[in-house]
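What follows is a short report on a single structure.
The values are calculated or read from the model by the stated rules, or taken from the named source; none is laboratory data. Just so we're clear, the structure is a prediction, and the values are computed from it rather than from any experiment. In this analysis, Cβ positions are derived from the backbone assuming ideal geometry, glycine residues included, and neighbour counts consider all displayed protein chains. Remember, those area values only see protein heavy atoms, side chains included, never the ligands or the DNA or RNA. Shrake-Rupley method; radii C 1.70, N 1.55, O 1.52, S 1.80 Å.
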Amino acid sequence: MKTKKQHYVPRELLRNFSCDNDEKLINIFLLNSNKLIDNVELYNQACEKYFYGEDQRLENAYSQLESLFSSALRKLKKGDLELTPEEDSSVRLFMIFQLNRTPEAIHKMNSFMNEMTKEVFRNNSMLPEELKEHLDDFKVCIKQPHEYLFALTMEIAYTVSDLKLGLIENKDETFIIGKSPVFILNPFLYALNYQKGLMGLGVKGAMVFMPISPKYIIVLYDSFAYKFNKKNGVIIPTNSDIYKFNLCQFFKTKDCVYLRKAKIEDLIKLRNESIEFQNKKEANSKRINISNDQKKYLIWTEYKQFPLEQRFDCIFITERAFIQRLSIYESIERPAITAIRLEMEKYENLKKNQM
């Protein structure tokens, strides 16, 4: 039987934010109108008709992934971090795939491809100038974005394998969730005033967050770089931290967020603070000359960065991380990820040589 309504944020995750005992209703804040609507049917949220396609291949794959994650989710939403190795792996896989299965992820990827391709064309001396003048009249996009993002996620899933798993507890239970709930921060690189992207998964100081209920956020973090304000094994944020975590949900959606409870004035404030960021292009490209020869250049494309001060009262940068500051000679990649990547490349080369 074909599943028509295909969810890009699983219902099992949204149900944790429901506002009724039967977990069938949820409260929604509409960003375009600053309107809070109570008791909306949960089943119809964060889904589209045949979002992954009518052939059900990706829908079935994501359903299996959600089933693997469900056992860990039941423990984590109770504050239990005692996971089996299989449950721990399922959390990492679920988060990395959730990052890349939403409409926001597709829009972001297509924006990246569009900006990069047009920059290449602009710098192509063989392309007639009259054609370059019309580059903004069309858009470049990937025809089958879901398949591309699924394959890409499979290739980069290893980048979260060395991160530690933690829980952030909000005793007031005011965490919210958007339609693209997973977000990446890097307070370590932010503190070092790193000028390039802060959202790389394999870089030093990477932190990956996902709210799983109004009370808890899962975090995967670089244990070399961070320590936390903890109590009974969970991370305890301040109100300022909670506000910033919720703000990240607004940064990553343009239509609505879901919540169990919140003050309307707080939601409007979050919306107002995120408007300028949401209206900016998802990606920008530029030409970088690498020599005096004008024909030798790079096309550098990067995503927009959250306009967020990445300093948190509950997150501290370790002394050892500051001692081993980055220099122009050091890799930005985490050592464990470098080792895994080199082993993977070695394996791929062996396969090629045997063919």
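Summary table below
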quantity	calculated
Dipole magnitude (debye, nearest 20) for the stretch 1-112, charges at Cβ of Lys, Arg, Asp, Glu	260
Nearest-10 value in Å² for the accessible area of residue 20, using the 1.4 Å probe	40
5 angstrom amide H check on residue 207, placed H, neighbours 5+ away	185
Mean-position separation - Cα centroids, the stretch 250-265 and the stretch 135-208, in angstrom	20
P(r) weight above 16 Å for the stretch 46-178, C-alpha pairs, percent	73
The stretch 109-239: Lys pairs at Cα distance under 19 angstrom, eight or more positions apart or on different chains	15
Segment residue 192-residue 291, length gained on full extension (0.36 nm per residue, minus Cα span)	32.8 nm
Whole-Å distance, taken between Cα centres, linking the stretch 213-249 and the stretch 1-43	24
Net dipole in debye of the chain [+1 Lys, Arg Cβ; -1 Asp, Glu Cβ; about Cα centre; nearest 20]	240
Peptides 286-293, 229-236, 21-28 ordered by average Cβ neighbours within 10 Å, highest first	21-28, 229-236, 286-293
Accessible area per residue, Å², the chain with all protein chains present, probe 1.4 Å	54
Compactness relative to 2.2 N^0.38 Å, alpha carbon Rg of the stretch 179-247	1.13
Contour excess over end-to-end distance, with Cα ends at residue 229 and residue 86 and 0.36 nm allotted per residue	48.7 nm
Dipole of the stretch 199-266 [Lys/Arg +1, Asp/Glu -1 at C-beta], most positive-end residue of 253, 210, 232	232
Contact order relative to length of the chain, as percent, for alpha carbon pairs under 8 angstrom and 6 or more apart	20
Computed FRET value (nearest 0.05) for residue 12 with residue 300, which takes r as the C-beta separation and R₀ as 41 Å	0.55
Where 113, 154 fall by accessible area, highest first, once all protein chains stay in place (1.4 Å)	154, 113
Cα-derived Rg to Rh of the chain, Kirkwood definition	0.97
Accessible surface ranking that places the most exposed of 11, 74, 57, 341 first, with a 1.4 angstrom probe	57, 74, 11, 341
In Å², nearest 10: area of residue 36 left accessible to a 1.4 Å probe	60
Those residues of the stretch 250-267 whose amide nitrogen sits under 20 Å from the label point placed on residue 24, 7 Å along Cα→Cβ	259-260
Kyte-Doolittle mean at least -0.5 and Cα axial length at least 20 Å: DSSP H helices in the chain	57-76, 85-99, 264-278
Neighbour net charge for residue 172 - beta-carbon separation under 13 angstrom, K R +1, D E -1	+1
